[in-house]
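Below is one structure, written out as structure tokens, with a few remarks after it.
Values in this text are rule-based calculations from the coordinates and carry no lab data. Remember, predicted model here, so these are calculated numbers, not experimental data. Positions of Cβ are backbone-derived with ideal geometry, glycine not excepted, and every protein chain shown enters the neighbour counts.
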Amino acid sequence: MTTRRDPLPFAVPLGLLAASLVAAVVMAYAGVPVVRVADLPWLVVLTVAMAAVRVVGGRPGSPVRAVVLFWLNLALAAVAVWLSPAFGLYLFIGYYESARFPQPVQRVVGMVGVALVIAIAQVGGPRSVLFIPAVYAAFVAVNLAVTGLMLMLDRRREALFVELGRANDELRAEQQRSASLRDQLVAQAREAGIAEERARLSREIHDTVAQDLVAIIAQLDAASAAPDAAERDRRLGVVDAAAREALAEARRAVKALASPRLDDADLPLALDDLLGEWRAGTGLGGELRVLGRAAASGHDDVLIRVAQEGLANVAKHARARRADVVLEYGPASASLTIEDDGVGFDPTASVTGFGLRGMRERLAAVGGRLDLTSAPGEGARLVASVPLSDPLTKEAP
């Protein structure tokens, strides 16, 4: 266990030395019998010597050098105390300095040495009437008791330092573990996000472009086996139309990835723009209605992609004359409804190519849901709902 006491500034021991010398001079010229005027030159020399030891001892050095200088200073102080008990004022800092020794034995011996010398000053020096063995022994006993108490308190203080250092080391280690765990969680979340995005892109491609490519391959096989040129030309015409449709689907999917419609407009305006382009491209009718007070759901990009997929399905499969879109805001959720007057289908049957599974998974990922109502000959009604996550609202257009 090593001490953590800081060394005293030069001003403290040098000030105490000067005060002790002044007190000795005053006592000598005042006629106090414990100090003689004839000893004052020696006291001046001892004061200068102890100050020089202080200056040398204040420079950086090894612990052994510090211990040697301490004992040299204590020996000079003992002579000064023998000539004038006033130097007991200066000697009190010896308790503090001996407590800085690195080894416990050195601290104990140093404090005991200070106690023995300072007891001489406390009884008034060798010229005092109190300088008798019994009184001196009593003062030594008191000083040793104080020394023991100081050592016990110093030991407790050092134990607290050690415990505090251990706690700090454990805290730093825990912070490092927490940082490492956080980095792992961030990496796992990033990987999970990448995997989810890959799965979503896979669904997009499978439900649109891949289906068209399958149809193109089938038509090319049929064209190669056609019995006459007319049938082959007809098959190739179907291939051309399917290829153009696949290209349009691919472009639409790429545009949907970033939902650029929401960059400069809110969801109602983006839906109105999307529906207008859909009407112009398909020649079908359709109207957008916004019900309730528009609010940012935090999942507008999901709803715009559902609208893109739903309207594309209507144009591709429903054989409808129109498809109406309703965006409705409730207290805690927003819903998007796409209703067409097409041929409809049986939602309980196995239906491929409509992208319904992809839409359901995309909505489920944000806490939403997809409901589908349809029957053969009665059109279809698709409702996608998401929770509202932002309380800030604005008026719907």
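Once the Cβ-Cβ distance of Ala332 and Thr373 is raised to the sixth power relative to R0 = 22 Å, the FRET efficiency obtained is 0.45.
Listed from fewest to most Cβ neighbours within 10 Å, the set Ser178, Ser385, Ser84 follows the order Ser178, Ser385, Ser84. Go ahead and run the numbers for FRET between Arg166 and Ala51, Cβ-Cβ distance against an R0 of 45 Å, rounding to 0.05. Efficiency, rounded to the nearest 0.05: 0.65. If you take the charge dipole of the range 260-397 about its Cα centre, with +1 on Lys and Arg Cβ and -1 on Asp and Glu Cβ, which of Ala312, Tyr329, Leu269 is farthest toward its positive end? It is Ala312. Restricting the chymotrypsin sites (Phe, Trp or Tyr not before Pro) of the range 47-115 to loop positions (DSSP other than H, G, I, E, B) with no more than 16 neighbouring Cβ atoms within 10 Å leaves Phe92. Shown here for the range 323-388: GluC sites (Glu not before Pro) in loop regions (DSSP other than H, G, I, E, B) with at most 16 other Cβ atoms within 10 Å, namely Glu378. Exposure proxy ranking for Thr282, Thr147, based on other Cβ atoms within 10 angstrom of each Cβ and starting from the fewest, stands as Thr282, Thr147. With R₀ fixed at 30 Å, the C-beta to C-beta distance from Ala141 to Ala30 puts the FRET efficiency at about 0.45. With the simple spin-label model, which puts each label point 7 Å out from Cα in the Cβ direction, the Ala173 to Ala226 separation comes to 7.9 nm. With neighbours defined as other Cβ atoms within 10 Å of a residue's Cβ, the residues Asp340, Asp371, Asp272 order from fewest to most as Asp371, Asp272, Asp340.
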